[in-house]
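These notes concern the structure reproduced below.
The values are calculated or read from the model by the stated rules, or taken from the named source; none is laboratory data. Quantities reported herein were computed from a predicted structural model and do not represent experimental measurements. Just the protein is used for accessible areas: all its heavy atoms, side chains included, with ligands, DNA and RNA removed. Shrake-Rupley method; radii C 1.70, N 1.55, O 1.52, S 1.80 Å.
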Amino acid sequence: MSRFAPLPDPPYYAVIFTAQRLDGDYGYGAMADRMVELAQQQDGYIGIESTRDEAGLGITISYWRDEAALKAWKQVAEHMLAQKLGKSRWYEYYTLRVAKVERAYDGPEGR
């Protein structure tokens, strides 16, 4: 898997999920892998980027063609189960943001 998601020219949507993990795995790793696999099968999925530090703070950004695609992803049964388990088992705190990407630049040269 490459470090950066291969993204099209904007516009597209980004779902930015930032979370502080609780101690212990409790099936988290397997579920995280499954969510990536499942998301890749969804119509409108573009890519994902994710990072986590040693203290458990993680940021995952998934990219979607349009708002309809990301709304459909939110309703996938396995994804809904992962959301429920995240609240009860894996996350001390989380925040989710949805953004429409209107401009994007690559570097190091940028614009």
Practice task
Choose one answer from GLY44, GLY29, GLY86: the residue with the largest mean-square fluctuation in a GNM of the chain with alpha-carbon springs under 10 Å.
Solution key: GLY29
Handout entry: Solvent-accessible area per residue for the chain (1.4 angstrom probe, square angstrom)
Key = 69 Å²
Handout entry: Computed helical MRE - 222 nm, the chain, DSSP H runs ≥ 4 contributing -39500 (n - 2.57), nearest 500
Key = -8000 deg cm²/dmol
Fill in the blank from the handout: Scaled by the rule-of-thumb 2.2 N^0.38 Å, the alpha carbon Rg for segment 57-111 gives a ratio of 1.47
Exercise for the section: Would you mind telling me the share, in percent, of accessible area of the chain contributed by carbon and sulfur at probe 1.4 angstrom? Expected result: 52 percent
Problem - Over segment 1-40, volume per residue of the alpha carbon convex hull, in Å³ - result: 106 Å³
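From the gyration tensor of the Cα coordinates in the chain, what semi-axes in whole Å does the equivalent ellipsoid have, largest first, with each one equal to sqrt(5λ)?
Working: eigenvalues 120, 60, 29 Å².
Values for the chain, descending: 24, 17, 12 Å.
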